[in-house]
Amino acid sequence: MKTLKLVFGFLLVSLLSAAVAIGTYSYLNRKNGNFFFFDKSNNPQGFRTVGYSSPAENTDFTYAAEQTVNAVVHIKSVVKPSDSDRGGRNRRGYMNPFDFFFGDSPFEQPYQRQPQVGYGSGVIVSTDGYIVTNNHVIDGADEIEVTTNDDQVYKAKVIGSDDVTDVALLKVEGKDFHALPFGDSDALKVGEWVLAVGNPFNLTSTVTAGIVSAKGRGDISDGYGPRSALDKIQSYIQTDAAVNPGNSGGALVNTKGELIGINTAIISGTGNYVGYSFAIPVNIVKKVVSDLRQYGIVQRALLGVKINDVSELKAKEPDKYGKIKINDGVFVAGFSSSSSAQKAGIQVGDIITSINGTKVKTGQELKAQVSRFSPGDKVDIQVYRNDATKNFTIELKNDQGTTEVIKQKTPKDLLGATLKELSDETKNRIGINYGVEVTDITNGKLKSAGIKNGFIIITANDNRISSQDDMEAVVTDIQKKDPDDRGLYIKGFYPNTRRMEYVAIDLNN
């Protein structure tokens, strides 16, 4: 009888334990609606998933992949050799005396170079053939060839490009192209699934999956990618989707098939993917593309402040900045001329903590937020000053200190002259093998610098000049730079004196 009681008691305890477990599970399931316990039959990897409506392995990527591969294109860019390509040291082994004094000689014979061919990806964003890619994919290209997913080949022209954000806009002729819709990169969450689609190593229509590892990522200057762009605006979406050379300019999409970024760079000691890839957020891309399409140049808004990260200042100079009570924000170290921030009341030493309600922890985050606006827009800036917060409304200006639309001048209009290629007879008579003659001077930068008709330009910013196109390419590159770095440095001479002259010209409007 005693044994029977023990058995009965054991069964009763077991039943009560099971009832409590089932009741608890039912309660939690009703309360959370998405709480899942470990179950080997449903979760063969043996992971316990909490807070998701379905296990990650059940996420369906097929719709997003099908939508994206038809909108992502292969880009081939070709840079043709020109007479201005450097020949370097005289191939007979000795240094031309002219090089000793002037660094580059118009008297040496250039060697023949082969065309340079590069490859990348692009994303069709409109049914009439507009394509977004990275500036570094097409920068300097003489010919651009686009191949769609159905193997149709098109010649593309550059509508505009911006090396500050590393975005370029191309156009191919045609209609009814499959285009990707823009998503909202601000709505992305860390841990969200994304797909990267592009042409790594010329393997077309390659789809890889990963998650959003971080947002607003900066300071990746050691990465594999366009250094000129990485040194400027950095506010990347970081993912662990596999991205390799050839993926540049390709699409980063969410599971809805919406474009939420343009794949741009990776961090790698080898140049190949090792787990970190970075994409330009589409909310930055949209502004750049709209401006390039409408104006041919980005209408860039500026606060007009010189900045440092508070965290860096406190780490580098603790004696001077260690008393600052906040760790995140952007320290105002100075102002540019015609600064709208200074006019609104911002002071040196203020720490910018938010713009239009969005917190900014670093200078790169501040730049990324400002890049979304146009000159003439008003923004609300919050600053930390003397242990208190202050708010300012600032009207953003362009780099000329106005709110007017800036239209890109052609290099020829900016220089205000025609550059005539030298005939073989002229080269032989003067004793050089490259250079251009300045003719038809009008009001422009060359005239303002004192250059007159007949001047022979040999180099511009250390690039040999043999044609009008060579000079225009140099000027175009300079126009993409920051306003404080738009210097044109010309070397040349007048044939009657043969005295080498050096001329520095500011190409700001």
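Starting from the 7 Å offset along Cα-to-Cβ, what nm value, one decimal, do you get for the label separation of Ser337 and Lys359?
In this crude label model, Ser337 to Lys359 measures out at 3.9 nm.
Take the alpha carbon gyration tensor of segment 250-403, find the square roots of its eigenvalues, order them as a ≥ b ≥ c, and report rounded if a/c is under 1.5; if not, report prolate when a/b exceeds b/c, else oblate.
It comes out oblate by the Cα gyration axes.
Excluding residues on the same chain fewer than 8 positions from Lys409, give the lysines whose Cα lies under 17 Å from its Cα.
Hits, sequence-local ones excluded: Lys445, Lys447, Lys480, Lys481.
Classify segment 411-506 as rounded, prolate or oblate from the Cα gyration tensor: take a ≥ b ≥ c as the square roots of its eigenvalues, call it rounded if a/c is under 1.5, otherwise prolate when a/b beats b/c and oblate if not.
On the way: a/c = 1.77, a/b = 1.64, b/c = 1.08.
In terms of gyration-tensor shape, prolate.
In sequence order, what are the phi-derived ³J(HN,Hα) couplings for segment 122-131 according to the Karplus relation 6.51 cos²θ - 1.76 cosθ + 1.60 with θ = phi - 60°, rounded to whole Hz, with x for glycine and proline?
Here the 3J(HN,Hα) series is x, 10, 6, 10, 8, 5, 8, x, 7, 10 Hz.
If packing is taken as the mean number of other Cβ atoms within 10 Å per residue, what is the order of 263-273, 181-191, highest first?
Top of the packing list down: 263-273, 181-191.
What is the calculated FRET efficiency for Asn202 to Lys256, with r their C-beta to C-beta distance and R₀ = 22 Å, to the nearest 0.05?
0.15
A short reminder: the numbers here are calculations on the coordinates, not readings from a lab. In this text, all values refer to a predicted model and were calculated from it rather than measured experimentally. Every residue, glycine as well, gets a Cβ built from its backbone with ideal geometry; the counts of neighbours run over all protein chains shown.
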